[in-house]
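Student: The structure's right below; bear with me while I get my questions together.
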Number of protein chains: 2
Amino acid sequence: MPRSTRRRPALTHPATEEIDLFDVLHALADPTRMTIVRVLRAEPERACGTFPVDVAPSTLSHHFKVLRESGLISQREEANRRFSALRAADLEHRFPGLLDTVLAAHARTAEAAAPQV
Amino acid sequence: MPRSTRRRPALTHPATEEIDLFDVLHALADPTRMTIVRVLRAEPERACGTFPVDVAPSTLSHHFKVLRESGLISQREEANRRFSALRAADLEHRFPGLLDTVLAAHARTAEAAAPQV
């Protein structure tokens, strides 16, 4: 993701009780965003440019924005890098079992077993 | 839904093993389609024009198409009417627990308790 000296807008996150189910389902209904969620399920946080996805930086930036605004991930900036983390506890509080069930469903698909394209 | 004498295209349905998770999540990521799914969860089938949703016929027709092509519902025509049914068993076979978990998540939202808009 390219870095510049221009000021970035503040990163906004919905409060846990404001997480919208339709936003979450929409955010999960995309293979790239699902990959990001699966990666973040396995580790506490990760720098944005280091995910195993093969999309243009502007597209990736859009995917992270959709995930953050849905409440699925949180993001923070540090030393000119942006880190993402899954809001697993918030999601579990808001919609118990949803994230695990969707990830289990995804694990049953061929796409989950195939190498990243 | 308006009826005419022109021939309609055949109704296509994905096989159970071809039901795509991203299609299902996308289909569920809409309030009108969620209402249709919730109604069909409670009864075996229902004629298309009788759902408690307030959208234009062409919009409703699109929603049914998205639901059918995702594998969430089946449709059949009889006596110039189209009936829809939830493919609950197929969904449960393909993605165990997914539909119930999403419906339970939806029941926790304010939208679920509010009157249909």
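Student: Please work out which residue is nearest to the chain's Cα centre (by Cα), limiting yourself to the stretch A:68-81 and to residues that are of a type in the set (D, E, K, R) and open to solvent by 30 Å² or more (accessible area, probe 1.4 Å). Please lay out each step first, then the result.
Tutor: Within the stretch A:68-81, the first condition is being of a type in the set (D, E, K, R), and the residues that meet it are A:68-69, A:76-78, A:81.
Still in the running and open to solvent by 30 Å² or more (accessible area, probe 1.4 Å): A:69, A:76-78, A:81.
Working: A:69: 10, A:76: 13, A:77: 15, A:78: 18, A:81: 16 Å.
Filtering first and then ranking leaves A:69.
Student: Turning to a different aspect of this structure: So residue B:65 clears everything in (1) open to solvent by less than 70 Å² (accessible area, probe 1.4 Å); (2) under 10 Å from the mean Cα position of the chain (by Cα) except one condition, right? Which one?
Tutor: (1)
Student: A follow-up question, please. Name the residue that is farthest from the other protein chains (Cβ to nearest Cβ), counting only residues in the stretch B:16-53 that are of a type in the set (Lys, Arg), open to solvent by 30 Å² or more (accessible area, probe 1.4 Å) and in a helix (DSSP H, G or I). Before you say what the answer is, go through the steps one by one.
Tutor: The initial filter retains those residues of the stretch B:16-53 that are of a type in the set (Lys, Arg), namely B:33, B:38, B:41, B:46.
Filter again for open to solvent by 30 Å² or more (accessible area, probe 1.4 Å), leaving B:38, B:41, B:46.
Of the ones still in play, those that are also in a helix (DSSP H, G or I) are B:38, B:41.
Values: B:38: 12, B:41: 16 Å.
Once the filter is applied, the top-ranked residue is B:41.
Student: Further question: Consider the stretch B:70-89. How many of its residues are of a type in the set (D, E, K, R) and touching a strand residue (DSSP E or B) at 6+ places or on another chain (Cβ under 6 Å)?
Tutor: 4
Student: Pull up the stretch B:76-104, narrow it to residues that are without any contact (Cβ under 8 Å) to a residue 24 or more places away in the chain, more than 18 Å from residue B:12 (Cα to Cα) and not in a helix (DSSP H, G or I), then point me to the one that is farthest from the other protein chains (Cβ to nearest Cβ).
Tutor: Step by step, filter the stretch B:76-104, then rank; the result is B:79.
Student: What number of residues within the stretch B:54-75 are in contact (Cβ under 8 Å) with a residue 60 or more places away in the chain and part of a loop (DSSP other than H, G, I, E, B)?
Tutor: 1
The values are calculated or read from the model by the stated rules, or taken from the named source; none is laboratory data. Every value quoted in this text rests on a predicted model; they were computed, and no experiment measured them. In this analysis, Cβ positions are derived from the backbone assuming ideal geometry, glycine residues included, and neighbour counts consider all displayed protein chains. Just the protein is used for accessible areas: all its heavy atoms, side chains included, with ligands, DNA and RNA removed. Shrake-Rupley method; radii C 1.70, N 1.55, O 1.52, S 1.80 Å.
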